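The block underneath contains the structure these notes are about, expressed in structure tokens.
Quick note: the coordinates plus some simple rules give every number you see, no bench work behind them. The model shown is predicted, which means the values in this text are computed figures rather than measured ones. Cβ sites come from the backbone with ideal geometry, for glycine too, and all protein chains shown count toward neighbours.
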């Protein structure tokens with residue numbers, strides 16, 4: 001039981017990762033692919049933050065009378081990753097808008113068909 | 001104990017939301033669900049003692065991402081109803097499913113050796129983290145260790161992050177800023193509809 005509770009975080013992280021990966025591979029709509037990629041990304045954030053958590057620990061803000069803190073280093077890494085993630089998402093969405101303008105569709109199959117019919 | 005219960009409930013919510021996102025075909029509903037997904041993750045970050053990450057995720061993940069995606073939907077919507085639905089997919093679902101199951105099983109096998117969630121003697125807690133917790137206040141005068149590491153110890157990394165964001169902003173402006181043809185070329189069924 002303790003093993004299950006202690007690893008539930010990591011299993012959900014892997015489940016989310018796989019849901020994101022499956023969405024990216026199997027869905028043809030480009031916006032949906034990007035959302036799948038974002039789910040994958042958030043699951044990686046959880047992996048890092050889970051590893052930094054200490055039972056009974058406080059947030060890593062130094063205060064009087066607090067003995068145990070969570071690990072601040074994963075938090076720093078993930079702060080950076082979230083912001084960079086949004087930058088890449090914005091770039092991907094801009095590409096989708098350009099693809100829509102050029103091809104008139106954001107469905108992968110239709111784009112492939114248009115490419116082959118040229 | 002209470003923390004663990006909240007943690008497990010929120011994680012289950014997250015998993016359910018992600019499955020709903022995967023199965024839905026209405027893009028507007030998907031984007032809204034993704035906003036909920038981000039907000040749930042922000043809550044979970046608070047439970048895991050990471051308030052800085054939670055703030056950023058709530059502002060950037062649930063806020064800016066959702067706005068960006070809604071803007072994209074407004075720009076790429078079809079001119080006929082249903083505006084946002086995915087086209088029926090022709091992809092075969094088997095190959096991706098097999099890939100995902102194999103990868104997932106390998107990763108779960110990898111979790112067997114991971115120390116339990118929250119254990120204080122895990123390798124990730126026993127090395128440099130203690131140095132920063134003990135020295136950041138005397139070194140920088142900032143009580144928040146995350147801020148101290150982000151802006152002082154690893155200040156150049158943050159500068160690099162800003163460079164990445166700047167590059168992305170320039171790329172986005174190059175892609176969709178400036179003069180562009182107003183209307184997208186019409187697809188065949190749209191032309192057929194116009195003629196009818």
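Shielding by partners for peptide B:152-164, expressed as the average number of C-beta atoms from other protein chains within 10 Å of each residue's C-beta, is 2. Take each residue in A:97-110, count the other chain C-beta atoms within 10 Å of its C-beta, and the mean is 6.
One quarter of the convex hull surface built on the alpha carbon atoms of the protein assembly as shown amounts to 18.6 nm², the projected area averaged over directions. Here the stretch B:127-180 has an Rg and Dmax of 17.4, 55 Å, counting Cα atoms alone. Among A:99, A:34, A:78, the largest mean-square fluctuation in a Gaussian network model of chain A (Cα springs under 10 Å) belongs to A:99.
Using the Cβ-Cβ distance between residue A:110 and residue B:152 with R0 set to 41 Å, the FRET efficiency works out to roughly 0.20. The GNM of chain A, with springs linking C-alpha atoms under 10 angstrom apart, assigns the highest mean-square fluctuation among A:56, A:28, A:36 to A:56. For chain A, find the longest principal axis of its Cα atoms and tell me its angle to the long axis of helix A:2-26, 0 to 90°, nearest 10. Its long axis makes an angle of about 10 degrees. Going by neighbour counts of Cβ atoms within 10 Å, the residues A:109, A:115, B:52, B:113 line up, fewest first, as B:113, A:115, A:109, B:52. If I model a spin label as a point 7 Å beyond the Cα along the Cα-Cβ vector, how far apart are those points for residue B:135 and residue B:163 in nm? Roughly 2.5 nm, to one decimal. Taking the Cα atoms only, what angle lies between the long axis of helix A:72-103 and the longest principal axis of chain A, rounded to 10 degrees? The angle comes out near 10 degrees. Any chance you could give the angle, 0 to 90 degrees and rounded to 10, that helix A:108-117 forms with the longest Cα principal axis of chain A? Here the helix axis deviates by roughly 30 degrees. The alpha-carbon atoms of chain A, seen along their principal axes, cover 70, 33, 12 angstrom, with the largest extent given first.
Once both labels are positioned 7 Å from their Cα atoms along Cα-to-Cβ, the gap between residue B:77 and residue B:171 label points is 2.8 nm.
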